[in-house]
Amino acid sequence: MKDYIAKAMTLSGQVRIYAAVTTNTVEKARNLHNMNHTPTVALGRVLTGIALMSQTLKDERHSITVQIKGDGPLKGIVAVTNAKAGVRGYVYNPAIDLPLNEKGKFDVKAAVGKGYLNVIKDIGLKEPYIGCVDLVSGEIAEDLTYYYAYSEQIPTAFNLGVLIGRDGTVEAAGGYFIQLLPGASDDIISKIEKSIFSHEPVTTLIHKGKTPEDIINMLFPDDDTIEFFDNCSVKYKCYCSKERMERNLLSLGRKDLQEIAEDEKGAELQCHFCNSKYHFSKDELLSLLKSQ
């Protein structure tokens, strides 16, 4: 199944829901970063979450960045998306792994630890919008749910999951993102909560071949007013290039760039998001100095 997001309005326009399959995207991230199981699950949840969040952007030039900093061994997670769910991300420590927790699940909570979550939205204004909340669980879905409730005052529910096979590959990944629109009643909130807890884990559904549309219909089985909109594909996409790396070098300032240029071997920069490496010879570095 290709990775994509299904979008819908339901309950007479009082609820919007996005559901996604992101298996291939998360597997690509695992390969790019050579991650162990627990980091794969942690980053996979964030990549799925931010892909779903991308559908709230109104312009394809806009972007969302999620930063998680914790005192656990994973140390931190960064993910970025554009409005078309072109996502990329990394964890600070991809090599760690932890025993399963008491429920037999990957212990993302212990890997992340206590800390905070930043959401940075660049929506074309002079300054980006930055929302910051403390981590409430480290499990990612609960933390993103809390961010929307606390920072944006929007009743929201996330369900995110990553299923790892015995060989370490990603067998299923995805989730859904439900938001109540203004005027939604308390009865609707109770109905949604009951529906969420009455179904199998989202990765089990995806592993069984359920599509994002299937998941939406399962969450609202008695609603004949579900209105689906155009799907959006999800891809792991990095935008690094040698030109971007040049700009990074120039941003260091003349003094630091001068010190780097003194090395006869030149300099090598590596992209955090895709691990691509870019080499700059001494002559290229000196040319950058002259351009300053």
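The values are calculated or read from the model by the stated rules, or taken from the named source; none is laboratory data. These numbers were taken from a predicted model, which means no experiment stands behind them. Note: ideal-geometry Cβ built from the backbone for every residue, glycine included; neighbour counts use all protein chains shown.
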Checking Leu100 against (1) of a type in the set (A, V, I, L, M, F, W, C); (2) under 30 Å from Met9 (Cβ atoms); (3) at pLDDT below 95, the condition it does not meet: (2)
Which numbered condition Leu252 misses (of (1) within 30 Å of Lys7 (Cα to Cα); (2) assigned to a loop (DSSP other than H, G, I, E, B); (3) of a type in the set (A, V, I, L, M, F, W, C)): (1)
The one condition in (1) under 23 Å from Ser151 (Cα atoms); (2) among the small types (Gly, Ala, Ser); (3) in contact (Cβ under 8 Å) with a residue 40 or more places away in the chain that Ala83 fails to fulfil: (3)
Asp186, sole failed condition from (1) surrounded by fewer than 15 Cβ atoms within 10 Å (Cβ to Cβ); (2) in contact with a Cys (Cβ under 7 Å, 6 or more places away or on another chain): (2)
Region 155-193, residues that are closer than 30 Å to Lys2 by Cβ, in contact (Cβ under 8 Å) with a residue 12 or more places away in the chain and in a loop (DSSP other than H, G, I, E, B): Gly168, Thr169, Leu181
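Yes/no per residue for (1) among the hydroxyl-bearing types (Ser, Thr, Tyr); (2) modelled with pLDDT of 95 or more; (3) assigned to a strand (DSSP E or B):
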{"residue": "Ile5", "(1), (2), (3)": "no, yes, yes"}
{"residue": "Lys28", "(1), (2), (3)": "no, yes, no"}
{"residue": "Leu43", "(1), (2), (3)": "no, yes, no"}
{"residue": "Ser54", "(1), (2), (3)": "yes, yes, no"}
Positions within region 5-26 being in contact with a strand residue (DSSP E or B) (Cβ under 7 Å, 6 or more places away or on another chain) and surrounded by fewer than 20 Cβ atoms within 10 Å (Cβ to Cβ), in sequence order: Met9, Gln14, Arg16
Region 258-273, residues that are outside any strand (DSSP E or B) and touching a strand residue (DSSP E or B) at 6+ places or on another chain (Cβ under 7 Å): Ile260, Gly266, His272, Phe273
Candidate set: region 242-271, residues that are more than 17 Å from Gln292 (Cα to Cα) and more than 29 Å from the chain's Cα centre (by Cα); chosen: the one surrounded by the most Cβ atoms within 10 Å (Cβ to Cβ): Ala267
Matching entry among Asp230, Asp224 (being in a strand (DSSP E or B), out of contact with any Pro (no Cβ under 6 Å at 6 or more places or on another chain) and in the same structural domain as Gly86 (by TED's automatic domain parsing)): Asp230
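Right, Ile206: modelled with pLDDT under 90, assigned to a helix (DSSP H, G or I) and hydrophobic (A, V, I, L, M, F, W, C) or not?
Working: modelled with pLDDT under 90: no; assigned to a helix (DSSP H, G or I): yes; hydrophobic (A, V, I, L, M, F, W, C): yes.
For Ile206, the condition - modelled with pLDDT under 90, assigned to a helix (DSSP H, G or I) and hydrophobic (A, V, I, L, M, F, W, C) - is not met.
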Pair list, Cβ < 6 Å and 6+ apart or interchain, from region 15-29 residues that are more than 12 Å from Ile178 (Cβ to Cβ) to residues that are modelled with pLDDT under 95 and of a type in the set (Val, Ile, Thr): none
Condition met for Cys271 (touching a Cys at 6+ places or on another chain (Cβ under 8 Å), at pLDDT 95 or above and not β-branched (Val, Ile, Thr)): yes
Residue check, Phe229 within 28 Å of Arg45 (Cα to Cα), more than 20 Å from the chain's Cα centre (by Cα) and not charged (D, E, K, R): yes
Region 189-221, residues that are among the small types (Gly, Ala, Ser) and either loosely packed, with under 15 Cβ neighbours inside 10 Å or not assigned by TED's automatic domain parsing to the domain that holds Thr48 (or both): Ser190, Ser198, Gly209
Region 42-101, residues that are surrounded by fewer than 22 Cβ atoms within 10 Å (Cβ to Cβ), over 16 Å from Leu117 (Cα atoms) and hydrophobic (A, V, I, L, M, F, W, C): Leu57, Ala83, Ala95, Ile96, Leu98, Leu100
Single residue of Ile260, Ile226 found to be of a type in the set (A, V, I, L, M) and farther than 17 Å from Leu285 by Cβ: Ile226
